[in-house]
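Have a look at the structure below, then the notes.
The values are calculated or read from the model by the stated rules, or taken from the named source; none is laboratory data. Nothing here was measured: the structure is a model prediction, and the numbers come from that model. As a convention, Cβ positions derive from the backbone with ideal geometry for all residues, glycine included, and neighbour counts pool all protein chains shown.
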Amino acid sequence: MGAGERVERPLVAGSETPDEAYARGKALRERAPARTHDHAAAAEDRPTPDEYFEASNAGRLPELIELRRERMSASPFTFYRGAAGLMAADLAHTPVSGVTAQLCGDAHAANFGLYGTPEGGIVMDINDFDETVPGPWEWDLKRLSASLVLAGREGGIGESGCREAAEDAVKSYRRTIRALAELPFLRSWSALPDSSVLSKARAHELIDDFADAAEKARKNTSKKVVAKWTRRIDDHETGLSRHRFVEDPPVLTHVDAATAAAVAAGLVSYVDTLRASRRTLAARYRVADVAFRVVGTGSVGLRSYVALLHGNEDEDLVLQVKQAQPSALTRYLGLPAPEHEGRRVVEGARLVQAETDILLGWTTIEGRPFIVRQFRNLKGDLDPTELDKGHLDDYGRLAGALLARAHTRSLHPRLLAGYFAEDEDLDEAIGAYAVRYADQTEADHAAFTRTRNAS
């Protein structure tokens, strides 16, 4: 080495150059060629739908189990939404490239939604991380693709349209990975999934749908929740008039004093899990009321509260305090149990989302792990079951692009770009699997509803 000559050194020991990552990804195609992703839907050792349902009820409130069964029985798509663990059992022994990403863990088509940034902008991204863990990127992509087939069938779209949406989700995922792999690292990392993503994902048919959903999301605030779910009650001791939740059973119900006190105590310790710059902000609020609220399809039966907080003068803030269960994927990936399930969810979301809720954190209440976040903070969605053929296809491309951007937060885009290279067979392989898995889900749903009707 000559005088003054310098050698590039990685900031992290052992990290690859972009070219090395690409070459390693390309070599992985020999381990898992595209055709291997067109595999059987059901594993031989999978549980029956009822066995899965019973096992997944552990830790849930017994009085809400039948409501969970009712919601999962509504259609094959709603059954699929509540059965992430059943699909994980089916994927456990399937071929994978060996590239690990931080997974959403339940990347079905209804788990992409709109929400607000700290600056008040509206973005669309993955919005559910109950199952998030490190795992094969293929698992998220296959779950998304199969869900598009099921959503399309529920919406009355023909088989060719459903399969096209599934294939286009894979194609968009590949294209987005390759595009991000060519960008400067800082640009690819900070790419925001705002309305411009529609053009980049070739989802032009969704422009009006996105605009309508964004307009509704802007109106979805704590102020609107307070106006709908609370009423003012005069406190004779203080002389003040404050909002309190109004019951709307079975969805919204009061809690006893002991539970309200436990939740309030949990919120005190939650503040310490926020990023340092936000702890002072959270500390300015005061807890005024707590209620129990039933949520979701897969989450029915978990302890979930809404906390009403008072801020500056007439300002109100509503937080959701939701029990965090072990990820349904953990056992099938052979992962160790985390120290705190709420922390697992929060750190997964912070890694994957382009913008996370500034008040997202975790806590422990009565020995159980919880996550805490703003409730309905500028949130909105596009219902994939209500889209026509052209719009579902565009939605598939949009979701595929969003999933790719999310995965590149935890894996090197050049690595996966090398695995894809110019290979387009993956689209058809996963598309065929998605149709096959949708068929399996319909059979599972039929068996599940027969049990419910017989009982």
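Conditions first: (1) in the same structural domain as LEU387 (by TED's automatic domain parsing); (2) over 26 Å from the mean Cα position of the chain (by Cα). ILE207 passes all but one, so which condition is the exception? Result: ILE207 fails condition (2) only. Evaluate region 192-199: report whether one residue or more is assigned to a helix (DSSP H, G or I), at pLDDT 90 or above and either surrounded by 15 or more Cβ atoms within 10 Å (Cβ to Cβ) or on the phi > 0 side of the Ramachandran plot (or both). So far as region 192-199 goes, no, none of its residues is assigned to a helix (DSSP H, G or I), at pLDDT 90 or above and either surrounded by 15 or more Cβ atoms within 10 Å (Cβ to Cβ) or on the phi > 0 side of the Ramachandran plot (or both).
If you go through region 364-378 and keep only what is over 22 Å from ALA283 (Cβ atoms), not acidic (Asp, Glu) and not in a strand (DSSP E or B), you end up with GLY367, ARG376, LEU378.
Residue count for region 396-413 satisfying the condition of being surrounded by fewer than 24 Cβ atoms within 10 Å (Cβ to Cβ) and over 17 Å from the mean Cα position of the chain (by Cα): 2.
For region 379-455, the helices (runs of 4 or more DSSP H) that sit wholly inside it and include 3 or more residues that are among the β-branched types (Val, Ile, Thr) and in the same structural domain as PRO118 (by TED's automatic domain parsing) are 425-454.
Looking only at region 200-234, residues that are charged (D, E, K, R), assigned to a helix (DSSP H, G or I) and without any contact (Cβ under 8 Å) to a residue 40 or more places away in the chain come to 4 in all.
Would you call ALA165 hydrophobic (A, V, I, L, M, F, W, C), surrounded by fewer than 24 Cβ atoms within 10 Å (Cβ to Cβ) and in the same structural domain as GLN440 (by TED's automatic domain parsing)? For ALA165, the condition - hydrophobic (A, V, I, L, M, F, W, C), surrounded by fewer than 24 Cβ atoms within 10 Å (Cβ to Cβ) and in the same structural domain as GLN440 (by TED's automatic domain parsing) - is not met.
One residue stands out in region 390-410 among those that are of a type in the set (D, E, K, R) and touching a Ser or Thr at 6+ places or on another chain (Cβ under 9 Å): the one that is farthest from VAL321 (Cα to Cα), namely ARG397. Counting the residues of region 281-300 that are within 18 Å of VAL263 (Cβ to Cβ) and touching a strand residue (DSSP E or B) at 6+ places or on another chain (Cβ under 9 Å) gives 13. Report whether or not GLY156 is in contact with a Leu (Cβ under 8 Å, 6 or more places away or on another chain) and assigned to a loop (DSSP other than H, G, I, E, B). Criteria not met by GLY156. For first residues located in region 282-297 and surrounded by fewer than 17 Cβ atoms within 10 Å (Cβ to Cβ), partners that are part of a helix (DSSP H, G or I) and at pLDDT 95 or above and lie 6+ apart or on another chain with Cβ distances below 8 Å form the pairs ALA283/VAL271.
The residue list ALA257, ALA276 contains one member that is closer than 26 Å to LEU61 by Cβ and assigned by TED's automatic domain parsing to the domain that holds ASP357, which is ALA257.
Taken as a whole, the structure leaves ILE177 outside the set of residues that are in a loop (DSSP other than H, G, I, E, B), crowded, with 19+ Cβ neighbours inside 10 Å and in contact with a helix residue (DSSP H, G or I) (Cβ under 7 Å, 6 or more places away or on another chain).
Restrict the check to region 322-330 and report whether at least one residue is in the same structural domain as VAL255 (by TED's automatic domain parsing), at pLDDT 95 or above and within 22 Å of ARG279 (Cβ to Cβ). For region 322-330, residues in the same structural domain as VAL255 (by TED's automatic domain parsing), at pLDDT 95 or above and within 22 Å of ARG279 (Cβ to Cβ): present.
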